[in-house]
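Notes follow once the structure below has been shown.
The values are calculated or read from the model by the stated rules, or taken from the named source; none is laboratory data. Every value quoted in this text rests on a predicted model; they were computed, and no experiment measured them. So basically every Cβ, Gly included, is an ideal-geometry build from the backbone, and we count neighbours across all protein chains shown. When the accessible area is computed, the model is the full protein with side chains, heavy atoms only, and any ligands, DNA or RNA have been set aside. Shrake-Rupley method; radii C 1.70, N 1.55, O 1.52, S 1.80 Å.
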Amino acid sequence: MPPDAPHDQPDGSAPAPDASTSTPPGTGPAAGAAAVTLAPRPNGIEVTGLRRAFGTVKALDGADLVARAGAVTALVGPNGSGKTTLLLVLAGLLVPDSGQVRVAGHDPVTDNAGARARTGWMPDAFGTWDSLTAREVLATFADAYRVDRATASARIDELLATVHLTEYADQPAAVLSRGQKQRLGLARALVHDPQVLLLDEPASGLDPRSRVDLRILLRRLADEGRTVLVSSHVLSELDEMADDAVFLSRGRTVAGMSEADVATGRRTWQVRSLSLEALTSWLDSTGTAYRPDGATRLADATAGTVGAGGVLVDVDGETGAVALLRDAVAAGVPVVSSAPAAGALEQAYLALEEERR
């Protein structure tokens, strides 16, 4: 944990907002006569020129980021790129050296309590009190955010069912596996109904079924109008849930990607045919550049499909892929399949890494 982050919670998460300065979190009821219903969720995350150094190491060196409300934004970058430092700043656990930050319209530096009240934070490793039950862990955090007891009780039951921990609700956290603790950590981040969700490697330790459930849940949360920012090294999973992406390298934002970029950007597609010769002859005749695809050739050979095979072709977006397939079929090429060779995030990330080398 960086030196400026508080340590009063076992997972480095935000301590309870100060009752004298904080507004109630989420859109659900809050305790006391001063309960206030927050406005709808129009604000996402905005970061401009963010810098944070640890001694001589520049963890963030002018990073910019925009995460839209109602969308899942992927935060992508290699180890040491500044992803976790950025998330800690957004969570209000680390003070930046310079730059501007807005989380749901609030500055975590000047209005820390207001920003935290609207933010759900899930670190990459969820520490907890092993002597408390799963229900008690969630109740403790609900109390910290001043969610009234009746509302909290119903919400805790709902969240435990959502993360498939109902059968462990009254078991001590010590009996939970790493993956189950990760799911409990996600429920804890949602207990106060936040507008913004910050997730650092949320799929770490999850089994395949739980990973699918996570993707479905995050899409639902975004569809409800929340801002979801996810950092993960598993780019294939981010591809299936993210609307936008921000790429970090050495503490700086090096690129961004939206849904429109995925639809129109240049990508590598894998085209397979029952006759590799027919496919390559047609591509040669049209002057289309291609590369051998050893993986599909090996798979076809293993399956005993004589003469079959595939190639890799770079096309301009989905429109280019449709035109390529249409023209190949019209020319009599026995095409078996046509699909992206890799996810959009993976291709963009690898291209950026190659450029920076």
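How high is the FRET efficiency between D107 and E158 when r is their beta carbon distance and R₀ equals 22 Å, given to the nearest 0.05?
The value I calculate is 0.10.
Taking all protein chains in place and a 1.4 Å probe, what share, in percent, of the accessible surface of region 151-249 do carbon and sulfur account for?
52
What number, in nm² with one decimal, is the all-direction average of the projected area of the convex hull of the alpha-carbon atoms of region 165-211?
3.8
Report, by chain and number, residues whose modeled amide H sits under 5 Å from the one on G70, excluding near sequence neighbours (fewer than 5 apart, same chain).
Residues meeting the criterion, in which the H sits 1.01 Å from N, are G225, R226, T227, V228.
Just the accessible area per residue of region 153-223, please: how many Å² with a 1.4 Å probe?
On a per-residue basis, region 153-223 sits at 38 Å².
Round to a whole number: what % of the accessible area of region 61-104 belongs to carbon and sulfur, probe 1.4 Å?
44
Please compute the per residue accessible area over region 33-150 with all protein chains in place, 1.4 Å probe, rounded to a whole number of Å².
Dividing the accessible area of region 33-150 by its residue count gives 41 Å².
Taking H as built 1.01 Å from N, whose amide H comes closer than 5 Å to the amide H of T133, not counting residues under 5 places away?
A173
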